[in-house]
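Structure record follows, encoded as structure tokens.
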Amino acid sequence: MIWLVLVPMAALAAMAVLLPFIRPDRTEPLPEPAQPLALKDRLAEIDRQATDGDLSEGEASALRLEAHRRILAEARTANGMARPLSLRGRRIVGIGAAVLVFAGGLGLYALLGRPDLARPDAAVSAPADSSLNRMIAALETRVQETPDDAEMWRILGQAYSQAGRFEPAAGAYARAALLMPDDARLHSALGEALVQVGDGVVTDDALVAFRAAVARDPNDPRARYFLALHKDQTGDRDGAMEDWIALLNSAPADAPWAPQVRALVDQVAAERGIDVSGRITGSDASGSRGS
């Protein structure tokens with residue numbers, strides 16, 4: 001019975017290998033490779049505009065990130081579109097590879113397999129991140145087709161962050177913030193990605209992004225949290241604690257982030273011997289008591 005499963009699986013694997021080689025050729029002009037000089041000139045122009053006051057520091061930082069991202073994207077596109085083989089040559093290679101996968105897979109199982117260990121309830125699952133990688137690939141294609149769609153850039157930034165790819169996440173959020181500069185959430189998301197790139201440190205670029213967020217929405221909880229963290233990291237521990245407590249006291253009753261902030265406040269208070277039990281009056285005041 002195991003062969004009734006293995007043969008179709010081997011055939012499907014062979015087809016998956018073959019299809020990319022036999023698909024119709026689409027002739028598209030190759031983009032010119034990005035030149036380092038173009039990036040240097042672009043960065044110099046951004047610095048000049050920032051010096052002249054035509055751009056804020058936050059806008060300049062976002063533009064610098066976008067310039068680096070665009071050069072890298074163009075380089076990847078140019079490399080990915082190269083096809084050294086003709087269509088006929090690719091088909092020959094594809095058919096050979098498919099035959100090798102089909103025959104080789106069945107042959108290896110015949111030599112090394114243990115059909116006696118196969119169980120009807122045994123399931124083979126794909127890697128947990130395979131669907132996320134497919135989604136990222138689809139989003140990357142989408143933003144190339146609609147580069148002015150801020151929402152798609154935001155979603156791509158979220159997907160990159162979920163995959164732990166924080167540098168491209170910062171680039172995606174920077175692009176979204178350029179397209180929708182009045183959306184505080186995009187600036188604070190950019191700042192958080194930059195903090196992750198900095199291994200948890202609120203860097204100068206991240207600080208600019210968070211300040212841009214609170215300038216547009218003073219109540220943005222993510223920006224307020226990380227601005228307090230910056231105070232803590234630069235020695236203003238009392239100021240950081242006051243800001244975190246103020247954030248908790250202003251939290252809506254159903255704020256999903258409030259328990260995490262409360263846990264942080266309790267942990268820091270316990271480590272530093274601070275009593276916060278009477279200072280938290282908001283919806284999370286019933287949390288654990290401070291030291």
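The values are calculated or read from the model by the stated rules, or taken from the named source; none is laboratory data. Computed from a predicted structure; not experimentally measured. Counting neighbours? That spans all protein chains shown, and the Cβs are built from the backbone with ideal geometry, glycine included.
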Restricted to region 247-261 and to residues being in contact (Cβ under 8 Å) with a residue 12 or more places away in the chain and in a helix (DSSP H, G or I), the residue farthest from the chain's Cα centre (by Cα) is 249
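To keep it simple, each residue is scored yes or no on (1) touching a Pro at 6+ places or on another chain (Cβ under 9 Å); (2) surrounded by 19 or more Cβ atoms within 10 Å (Cβ to Cβ); (3) on the phi < 0 side of the Ramachandran plot.
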| position | (1), (2), (3) |
| --- | --- |
| 154 | no, yes, yes |
| 168 | no, yes, yes |
| 176 | no, yes, yes |
| 203 | no, no, yes |
| 233 | no, no, yes |
| 258 | yes, yes, yes |
| 267 | no, no, yes |
Are any of the residues in region 142-150 without any contact (Cβ under 8 Å) to a residue 24 or more places away in the chain and within 27 Å of residue 246 (Cα to Cα)? no
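Is region 280-288 home to any residue that is at pLDDT below 90, hydrophobic (A, V, I, L, M, F, W, C) and surrounded by 19 or more Cβ atoms within 10 Å (Cβ to Cβ)?
At the first step, the residues of region 280-288 found to be at pLDDT below 90 are 280-288.
Imposing the further condition that a residue be hydrophobic (A, V, I, L, M, F, W, C) reduces the set to 280, 285.
Right, trim to surrounded by 19 or more Cβ atoms within 10 Å (Cβ to Cβ) and you get 280.
Yes: region 280-288 contains one or more residues that are at pLDDT below 90, hydrophobic (A, V, I, L, M, F, W, C) and surrounded by 19 or more Cβ atoms within 10 Å (Cβ to Cβ).
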A careful count of residues in region 152-164 that are in a loop (DSSP other than H, G, I, E, B) and either free of Cβ contacts under 8 Å to residues at least 12 places away in the same chain or closer than 13 Å to residue 185 by Cα (or both) gives 1
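Can residue 191 be described as part of a loop (DSSP other than H, G, I, E, B) and either of a type in the set (Ser, Thr, Tyr) or under 23 Å from residue 218 (Cα atoms) (or both)? Quick ask: steps written out before the conclusion?
Numbers: part of a loop (DSSP other than H, G, I, E, B): no; either of a type in the set (Ser, Thr, Tyr) or under 23 Å from residue 218 (Cα atoms) (or both): yes.
Considered against the rule, which asks whether it is part of a loop (DSSP other than H, G, I, E, B) and either of a type in the set (Ser, Thr, Tyr) or under 23 Å from residue 218 (Cα atoms) (or both), residue 191 comes out as no.
Tell me the residue from 165, 211, 216 that is farther than 23 Å from residue 258 by Cα and either touching a helix residue (DSSP H, G or I) at 6+ places or on another chain (Cβ under 9 Å) or not hydrophobic (A, V, I, L, M, F, W, C) (or both), please. Even if it seems obvious, please write down each step before you answer.
Details: 211 fails: farther than 23 Å from residue 258 by Cα; 216 fails: farther than 23 Å from residue 258 by Cα.
On inspection, the qualifying residue turns out to be 165.
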